[in-house]
Amino acid sequence: LREACLGFLEPQRGGTFVDCTLGGGGHAELVLRALSGRGRLIGIDRDKDALRAAQERLREFSCRKIFVHDNYSAVKRVIEQYGIGRIDGGLLDLGVSSYQLDVRERGFSYMQSAPLDMRMDPTRGQSAAEWLQTAEEADIAWVLKTYGEERFAKRIARAIVERNREQPMTRTK
């Protein structure tokens, strides 16, 4: 998939590229290798840990790099903020990263016990545990059905609400 991305982006011609979901910097590294000093990369991510990891991974590249802690939906504002009139290519790799699943403190995986968090940016908004304490059964079912494509969403939501009455769900296990 990475090579297909490079084929569509054509960074070897130079220019300004935006990786809207920078993550650990895997796609950005491929773009920077192809740019070889003739361009600029803007990396955006909601996760400060991911930004730090990408900065470390990409430090060797001579191209101008800009790292921004924000949501990919802010891409227009970000490029305007840096005085960029147009970009030559952009990339979004949507979804949870393996880093977020592997680091138990992030609260995404049930493989290890940890606080139930599940935020892409743990500095903003409510954790999943906090939301589950106040959410209505219908709202929980809607989230499970809409975002999780769960066909048993109503049953699961009912079980969550009943479980929370006995003991609040605060851990991933």
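What the table shows:
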| item | result |
| --- | --- |
| Helices (runs of 4 or more DSSP H) contained entirely in the stretch 75-173, each with at least 2 residues that are open to solvent by less than 40 Å² (accessible area, probe 1.4 Å) and either closer than 30 Å to R2 by Cβ or free of Cβ contacts under 8 Å to residues at least 40 places away in the same chain (or both) | 75-81, 128-134, 137-148, 153-166 |
| Test: F67 is more than 30 Å from R171 (Cβ to Cβ), aromatic (F, W, Y) and assigned to a helix (DSSP H, G or I) | no |
| Set C5, C20: member being in contact with a His (Cβ under 9 Å, 6 or more places away or on another chain) and within 25 Å of L101 (Cα to Cα) | C5 |
| The stretch 92-115: number of residues that are closer than 30 Å to F8 by Cβ and of a type in the set (V, I, T) | 1 |
| When residues of the stretch 29-60 are limited to those that are touching a residue at least 40 places away in the same chain (Cβ under 8 Å) and touching a Gly at 6+ places or on another chain (Cβ under 7 Å), the one farthest from P122 (Cα to Cα) | G39 |
| Flag for R124 being of a type in the set (K, R) and either more than 25 Å from V103 (Cβ to Cβ) or under 21 Å from the mean Cα position of the chain (by Cα) (or both) | yes |
| Per-region count, the stretch 1-21, residues part of a loop (DSSP other than H, G, I, E, B), on the phi > 0 side of the Ramachandran plot and open to solvent by less than 30 Å² (accessible area, probe 1.4 Å) | 1 |
| Flag if A74 is out of contact with any Asp or Glu (no Cβ under 6 Å at 6 or more places or on another chain) and either over 14 Å from G43 (Cα atoms) or of a type in the set (K, R) (or both) | no |
| Verdict on I87 being farther than 30 Å from R38 by Cα and over 18 Å from the mean Cα position of the chain (by Cα) | no |
| Residues located in the stretch 25-59, provided they are open to solvent by 40 Å² or more (accessible area, probe 1.4 Å) and either closer than 12 Å to Y99 by Cβ or part of a helix (DSSP H, G or I) (or both) | R33, K48, D49, R52, A53, Q55, E56, R57 |
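Condition check ((1) at pLDDT 95 or above; (2) of a type outside the set (S, T, Y); (3) in contact with a strand residue (DSSP E or B) (Cβ under 9 Å, 6 or more places away or on another chain)) across all residues:
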site: W131; (1), (2), (3): yes, yes, no
site: T134; (1), (2), (3): no, no, no
site: I140; (1), (2), (3): yes, yes, no
site: K145; (1), (2), (3): yes, yes, no
site: G148; (1), (2), (3): no, yes, no
site: R151; (1), (2), (3): yes, yes, no
site: T170; (1), (2), (3): no, no, yes
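The values are calculated or read from the model by the stated rules, or taken from the named source; none is laboratory data. All values reported here derive from a predicted model rather than from experimental measurement. Backbone-built Cβ (ideal geometry, glycine too); neighbour counts: all protein chains shown. Side chains included, ligands, DNA and RNA excluded: accessible areas come from the protein's heavy atoms. Shrake-Rupley method; radii C 1.70, N 1.55, O 1.52, S 1.80 Å.
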